[in-house]
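A short write-up of the structure that comes next.
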Amino acid sequence: MSELQSAVNDFNRDGYYIAKGLISQQGVGELVSLIDSSLSPALAPVEFEADVHYPGAPSSRSAPGGQTPRRLLHAFGRDSLFQKIGQHPKVLTLLKELIGSEEIRLSQNHHNCVMTKHPGFSSVTSWHQDIRYWRFDRRELVSTWLALGPENRQNGGLLVIPGSHTLDFEPGQFDASLFLRTDLDVNEELLSRAIPVELEAGDMLFFHSRTLHAAGQNESDVIKRSLVFTYRAEDNYPIPETRSAVYEDIPVG
């Protein structure tokens, strides 16, 4: 079995796949320098921790830590270095196999950002499926998550539930904000299967839009930085007049 086919099999079974060392350390260093220059001062468009109102986030932008950036938005249009990752040949080769299409598009409406978690003022992201917030003809999208440093439980790395992308859920299993409810017996067994996604700089996580994932706070003393894009098949159209169709998606392969 080829390495590519093995990756596809793992992804289809688990709802995610980790490509180790996909981006060189030189490339990682260039991205970190670019990101840090965009964080201080924070270059718009930016989402702040206070904007999301998640557990642990500052109560407002005027509260202590309220000016802590969470996401640098519209990453693909910010710089050619981000575009290089979004169109990286190795990334596109794997995406085409995972999505099952030779023609794919990068969404400018979902993810398309640099995710950061700062020590002291980072928030918790509760369990959710990305597709519950998106509107496309089919629920089959794939996101890429490039680690630009170590990612683990201590610094708020992702947690995933393997195989959750194959499950069907009742609406009542989620709360009003579309996060998985932790107070239901029906969800307990599912949550017991959660595992941390441990990454090193240059590793890339590919994950299905239906894979349940969450993340904790950054309890380290170093900023965590990740570059995140989302892709769809060319014929998996966003539904008109929804958030998924605000900006035109970008042909990348």
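Table for the structure above
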read-out: Residue that is touching a helix residue (DSSP H, G or I) at 6+ places or on another chain (Cβ under 6 Å), closer than 18 Å to Leu95 by Cβ and either small (Gly, Ala, Ser) or touching a residue at least 12 places away in the same chain (Cβ under 8 Å) (or both), where the choices are Arg210, Arg232; value: Arg210
read-out: Selected residue (criterion: modelled with the lowest pLDDT) from residues of segment 59-73 that are surrounded by 15 or more Cβ atoms within 10 Å (Cβ to Cβ) and in contact with a strand residue (DSSP E or B) (Cβ under 8 Å, 6 or more places away or on another chain); value: Gly66
read-out: Test: residue in segment 233-243 that is closer than 27 Å to Thr68 by Cα, of a type outside the set (Lys, Arg) and not in a helix (DSSP H, G or I); value: no
read-out: Of residues in segment 82-100 being crowded, with 17+ Cβ neighbours inside 10 Å and β-branched (Val, Ile, Thr), the one nearest to Glu47 (Cα to Cα); value: Ile85
read-out: Residue within segment 87-97 that is under 28 Å from Tyr16 (Cα atoms), free of Cβ contacts under 8 Å to residues at least 60 places away in the same chain and in a loop (DSSP other than H, G, I, E, B) present; value: no
read-out: Condition broken by Ala50, with the remaining ones in (1) farther than 21 Å from Glu151 by Cβ; (2) surrounded by 18 or more Cβ atoms within 10 Å (Cβ to Cβ); (3) touching a residue at least 40 places away in the same chain (Cβ under 8 Å); (4) not basic (Lys, Arg) satisfied; value: (3)
read-out: Residue match in segment 190-199 (condition: of a type outside the set (Lys, Arg) and within 17 Å of Leu98 (Cα to Cα)); value: no
read-out: Options Glu151, Glu103: the member that is surrounded by 16 or more Cβ atoms within 10 Å (Cβ to Cβ), acidic (Asp, Glu) and closer than 30 Å to Ile23 by Cα; value: Glu151
read-out: Selected residue [closer than 24 Å to Gln129 by Cα and of a type in the set (A, V, I, L, M, F, W, C)] from Leu34, Leu73; value: Leu73
read-out: Among (1) closer than 22 Å to Asp14 by Cα; (2) in contact with a Phe, Trp or Tyr (Cβ under 7 Å, 6 or more places away or on another chain), the one test that Ala233 misses; value: (2)
read-out: Test: residue in segment 133-140 that is among the aromatic types (Phe, Trp, Tyr), in contact with a Pro (Cβ under 9 Å, 6 or more places away or on another chain) and either free of Cβ contacts under 8 Å to residues at least 24 places away in the same chain or closer than 18 Å to Pro238 by Cα (or both); value: yes
read-out: Tally, over segment 162-198, of residues that are farther than 21 Å from Pro55 by Cα and in contact with a Ser or Thr (Cβ under 9 Å, 6 or more places away or on another chain); value: 6
read-out: Matching option when the condition is at negative phi and over 16 Å from the mean Cα position of the chain (by Cα), among Glu151, Glu170; value: Glu170
read-out: Sole exception among (1) in contact (Cβ under 8 Å) with a residue 60 or more places away in the chain; (2) surrounded by 13 or more Cβ atoms within 10 Å (Cβ to Cβ); (3) not β-branched (Val, Ile, Thr) for Asp79, by number; value: (1)
read-out: Candidate set from segment 13-35 (those that are assigned to a helix (DSSP H, G or I) and touching a residue at least 60 places away in the same chain (Cβ under 8 Å)); member that is farthest from Asn112 (Cα to Cα); value: Arg13
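The values are calculated or read from the model by the stated rules, or taken from the named source; none is laboratory data. Model, not experiment: these values are computed from the prediction. Don't worry about glycine lacking a Cβ; one is built from the backbone with ideal geometry, like all the others, and counts go over all protein chains shown.
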